[in-house]
Amino acid sequence: MTIGIIAGSGFDRLDELEVLHETHGTTPWGRASAPVQQGRLHGQPVLFLSRHGVGHALAPHEINYRGNVAALRDAGASALLAVYTVGGITAGVLEPGTLVVPHQIVDYTWGREHTYSQPGDVLHVDFSDPFDGPLREALVTAAREEGGAGAPPVVDGGVYGASQGPRLETAAEIDRMERDGCDVVGMTGMPEVSLARELGMRIAGICLVVNPAAGRGVISMDEIRETAAAGRVRILATLARAVP
Ligand code: HPA
């Protein structure tokens with residue numbers, strides 16, 4: 001199984017990746033956000049794609065999710081590990097730096113190209129369980145092993161609410177998401193996860209909480225940047241350790 005890593009804010013460039021080969025990322029669905037890099041992360045063979053493109057050029061609603069997932073598949077990935085930065089909604093995932101490995105998704109996005117279905121070839125995939133069990137377990141175990149004493153917690157399971165962005169949510173929108181059962185909120189989980197399912201690729205994600213969601217605490221853009229930077233090393237080590 002070849003693992004593709006797809007990561008967003010804070011991971012535009014992976015200087016830690018020893019790059020062996022690059023494909024241009026052109027697909028029948030248009031160009032991916034960036035070239036797909038094939039290389040070694042802490043010695044583990046992986047493919048890597050920057051979700052927002054180099055220099056964080058693309059807003060969440062501008063990303064060509066179909067191109068990104070297809071480019072990783074075409075480069076040889078059969079399974080994906082995805083990294084998301086998120087806001088924490090529920091008690092237990094509010095502390096910045098917390099890592100959440102979600103087991104479910106609620107999709108609030110709109111207007112994104114969200115399916116490979118074509119006229120005459122309509123794909124009705126089972127999406128009851130959007131994330132792959134064994135890959136989730138590998139991420140939880142690896143993240144716990146990489147966290148030293150005093151490290152922010154790793155939460156096994158949670159519901160990821162995918163919001164449209166690029167603005168953050170209102171407090172009332174977060175209240176609604178909480179009533180819907182969401183634990184964390186991010187802008188890029190969908191349609192990435194369902195597109196992977198349409199292509200028959202296994203996927204699991206790891207969420208880095210970088211702020212309390214709206215109405216759940218003080219949101220500081222500086223703290224978001226600092227938390228993202230601080231979580232980076234642990235996440236990269238976790239991903240490498242989780243490669244089956
Ligand atoms: N909302 C949506 N996406 C996010 C947030 C948030 O509070 N923090 C990081 N990504």
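Could you calculate the FRET efficiency of residue 128 with residue 78 from 1/(1 + (r/R0)^6), where r is the beta carbon distance between them and R0 is 22 Å, rounded to 0.05?
Efficiency for this residue pair is about 0.55.
Averaging the inverse of every distinct alpha carbon separation and then flipping it gives the Kirkwood radius. What is it for region 1-142, in angstrom units? Provide the component values of the computation, followed by the final result.
Details: mean 1/r = 0.0606 Å⁻¹.
Result for region 1-142, one decimal place: 16.5 Å.
Given a 1.4 Å probe and every protein chain left where it sits, what share in percent of the accessible area of region 39-167 is carbon and sulfur?
On the way: 2880 of 5520 Å².
C and S fraction of accessible area: 52 percent.
Just going by the charge dipole of the chain, with Lys and Arg at +1 and Asp and Glu at -1 on Cβ, which of 109, 80, 44 is farthest out on the positive end?
44
With a point put 7 Å past each Cα toward its Cβ, work out how far residue 95 is from residue 179 in nm, to one decimal.
It works out to 3.1 nm between the two label points.
For residue 79, what residues show an amide H to amide H distance below 5 Å, using hydrogens built from the backbone and excluding near sequence neighbours?
Residues meeting the amide H criterion: 2, 4.
Whole angstrom only: what separates the Cα centroid of region 1-66 from the Cα centroid of region 136-170?
20 Å
Which value, in debye to the nearest 20, describes the size of the charge dipole of region 88-174 about its Cα centre when Lys and Arg Cβ atoms bear +1, Asp and Glu Cβ atoms bear -1, and nothing else is charged?
Dipole magnitude for region 88-174 comes out near 220 debye.
Provide the gained length on full extension for the span residue 31 to residue 149, in nm with one decimal, where the gain is 0.36 nm per separating residue minus the Cα-Cα distance. Intermediate results must be reported in sequence, preceding the final value.
Working: separation 118, 0.36 × 118 = 42.48 nm, distance 4.26 nm.
Taking 0.36 nm per residue and subtracting the Cα distance, the gain is 38.2 nm.
So what is the accessible area of region 1-80 per residue, in Å², with the probe set to 1.4 Å?
Working: 3400 Å² over 80 residues.
Counting only protein heavy atoms, the per-residue value for region 1-80 is 42 Å².
Using alpha-carbon pairs under 8 Å, 6+ residues apart, how would you state the relative contact order of region 21-115 in percent?
On the way: 107 pairs, mean separation 23.4, N = 95.
The value is 25 percent.
Using alpha carbons only, what's the Rg to Rh ratio of the chain with Rh from Kirkwood?
On the way: Rg = 16.6 Å, Rh = 17.8 Å.
My calculation of the ratio gives 0.94.
How big is the gap, in Å, between the Cα center of region 70-103 and the Cα center of region 214-244?
11 Å
Per residue, how much accessible surface does region 143-244 expose to a 1.4 Å probe? Answer in Å², no decimals. Intermediate values should be presented prior to the final figure.
On the way: 4160 Å² over 102 residues.
Heavy-atom accessible area per residue stands at 41 Å².
From the phi of every residue in region 160-166, what ³J(HN,Hα) in whole Hz does the Karplus formula 6.51 cos²θ - 1.76 cosθ + 1.60 yield, where θ is phi - 60° and glycine or proline is x?
Coupling constants for region 160-166: 8, x, 9, 9, 6, x, x Hz.
At 0.36 nm per residue, minus the direct Cα-Cα distance, what do residue 118 and residue 106 gain on full extension? Give it in nm, one decimal, please.
Details: separation 12, 0.36 × 12 = 4.32 nm, distance 2.40 nm.
Contour length minus the Cα-Cα distance gives 1.9 nm.
Could you check which residue among 84, 116, 160 shows the biggest mean-square fluctuation in a GNM of the chain with a 10 Å Cα cutoff?
In the Gaussian network model the winner is 116.
Please find, in a Gaussian network model of the chain (springs between Cα atoms separated by less than 10 Å), the residue of 37, 164, 118 whose mean-square fluctuation is greatest.
118
The values are calculated or read from the model by the stated rules, or taken from the named source; none is laboratory data. The model shown is predicted, which means the values in this text are computed figures rather than measured ones. Reconstructed Cβ throughout: ideal geometry from the backbone, glycine too, with neighbour counts over all protein chains shown. To get the accessible areas, we keep the full protein, side chains included, count just its heavy atoms, and leave off ligands, DNA and RNA. Shrake-Rupley method; radii C 1.70, N 1.55, O 1.52, S 1.80 Å.
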